[in-house]
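Working notes for the structure below.
Read-outs throughout are calculated quantities, based only on the coordinates presented, and are distinct from any laboratory measurement. All figures in this text were calculated on a predicted structure; none of them were measured in a lab. Cβ placement follows ideal geometry from the backbone for every residue including glycine, while neighbour counts extend to all protein chains displayed.
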Amino acid sequence: MITGQVDDLSQRITAKLAQISLPEADVAGGQPRGTPGETGEVGLLPLVERFDEGPGTGRTAAEVILAELGPNMRVFPTSGHLVSWAKLAPRTIQSGGTNTSGPTGHGNPWLKGVIGEAAMAAARTDTFLGARYRRLVKHRGHKKAVVAVARSMLVIVWHLINDPTARFEDLGPDHHQRLVNPVRKTRDLVRQLEALGHAVTLAPGEAEA
């Protein structure tokens, strides 16, 4: 009997989430606003499904995120406002002319819990978020790296909620490397070699055909 009640409640929750996560949908029977896609279908994907497209999220986590935030971002003008409200923004503590980083704060415990679990799952993937974690953990440690990934995921969530046409698109694990200024990277590498006692002379390479 209890199992049946749980199943019934789960179905009702799923139906309700489907209704509130279709932007500008006519739940009385109309179609959500949208444009024909490659398949010719009209409409927009529900938020839960769009959340689920990102690494580490999963449908259950997506449902919790939507339940905690709702389908409207009018109360958060920017992603920074949402991150700050969730207490995932880094804090700077000033004391005697010295700036140190402090704890982010408590925030919404259910949202922070599910976004933290999703961040740890994303950290194990070969994606932009996974590469971000691996880059940061070397210098900041596991906890701060996970918080940084969670912060990035919440920014993604804000954009998905704020723009009903937005879809998750992974930037790739090499995104940071592609953005690094080649001149600055060359200078840094030369300094590292010189610090090891090497005399470095650079010569222009041949252009690729």
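Extending 7 Å from Cα along the Cβ direction at Arg184 and again at His81 yields two label points whose distance is 3.1 nm. Multiplying the residue separation of Thr125 and Glu194 by 0.36 nm and subtracting their alpha-carbon distance yields 21.3 nm.
Counting only residues at least eight positions apart within a chain, or on another chain, the lysines with an alpha carbon under 23 Å from that of Lys87 are Lys112, Lys143, Lys144. A full extension of the chain between Arg167 and Arg12 corresponds to an added length of 53.2 nm, given 0.36 nm per residue minus the alpha carbon distance. Close amide H contacts of Leu171 (hydrogens built in the peptide plane, cut-off under 5 Å, sequence separation of 5 or more or a different chain): Phe128.
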